[in-house]
Structure formats: structure tokens, C-alpha cells
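The values are calculated or read from the model by the stated rules, or taken from the named source; none is laboratory data. The shown structure was predicted, so the numbers you read here are calculated from the model rather than taken from an experiment. Neighbour counts run over all protein chains shown; Cβ positions are idealised from the backbone, glycine included.
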Amino acid sequence: MNKRLLIAIIICVILGGGLVSYRNYRLQEANRIITYTLKPTYTSTPSITPDISSPDSVVQTYYNWYLACMNNNFKNTSDSEEENCSYDNLLTESLNQRDHSILCAANVPAKITYEKAVITGNHATAIAHTHWEASPMDTIKVVLTKQNNAWKINDIICSRP
């Protein structure tokens, strides 16, 4: 084989490897920046206006916002920061004034699923299920009331299935 051709192939392989490494580095940097940029910061109120026209959307918005708040802000702390992630706009004033558990647990679950709310006049009941990695799911009964054409959470009742 020609010595020049062999050197050219070696140079091409080295340059190709360098370009691939550089491309991977740039992708990692882009992903790191995107992850950093998109990471939400803690705020006392959510940045979206909730849909208060149905009890289902109120319960889902409340718990989804709560989980996001806890996971993004307090995942690595030993303190209970439940009061800092409470979305008071979706709670009735009487519930806001009482001590209540949001999740019926000390830890943040892996996920929460919801059953369709049962509506009776200006009252509704929705069931939320907290799912844990190694434990059975827990059931939370969420009682809602309609006030001024807006559904609000009036009570949170903890129970096991």
C-alpha cells in the first residue's frame, strides 16, 4: 500500500474521531444548558391560570403543581416544606385555615393518578391515588365545592384502599 495513502487514511480517521468527539461534546453542552434553563424556580404561585370550571381539572392542577413544586425545590431536604408548595387559590378559605395534609404522607410519591370526579349539585368528590416505588398506592378523597362558579377543594381525606 502506498505510504501517502496510508498516512491520509490515518489522518482522516483521526480527524473523523475528533469531529465525532466534538459533536458529542456540543450536544452534551446543549443538553446541559437546556436542562438548566428549563428547570423551574420556586414561586409561591403557579405561572399558569388553572381551569376552575371542573373539579377534575382543579384536583389535577393542584396535585400536579404540588408534585412539581416539591420535586423541583425540596427533593433533597429533610424539612417538610408542604406549606411552601400549597396552592391556596384552589382551596376554600375554611380549608386554608385548617391544618391539612396535602398528600397524606411524609414523602413525595413517584406519581399521582386520578379518578373522574362525581358531581352532585355544587359538591364533588374526586379520588387521587398516590403511587410509591415499593409501597402499595394510597387513596386520597378530595371533596370540592363550587363557589362563585369556581370549583375549590374543601377537604382532603386520607385513607388506605
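For the reader, a short list of remarks on this structure follows.
- Evaluation of residue 121 against (1) surrounded by 13 or more Cβ atoms within 10 Å (Cβ to Cβ); (2) more than 17 Å from residue 91 (Cβ to Cβ) (one fails), failing number: (1)
- Of residues in region 141-152 being among the polar types (S, T, N, Q) and either in contact with a Gly (Cβ under 8 Å, 6 or more places away or on another chain) or in a strand (DSSP E or B) (or both), the one surrounded by the most Cβ atoms within 10 Å (Cβ to Cβ): 145
- Members of region 40-74 that are at pLDDT below 80 and of a type in the set (Asp, Glu): 51
- Residue selected from region 102-140 under the condition of a type in the set (D, E, K, R) and in a loop (DSSP other than H, G, I, E, B), by the criterion modelled with the lowest pLDDT: 133
- Meets criteria (part of a helix (DSSP H, G or I) and modelled with pLDDT of 85 or more) for residue 12: yes
- Out of 99, 155, one residue alone is of a type in the set (Asp, Glu), out of contact with any Asp or Glu (no Cβ under 9 Å at 6 or more places or on another chain) and outside any loop (DSSP other than H, G, I, E, B). It is 155.
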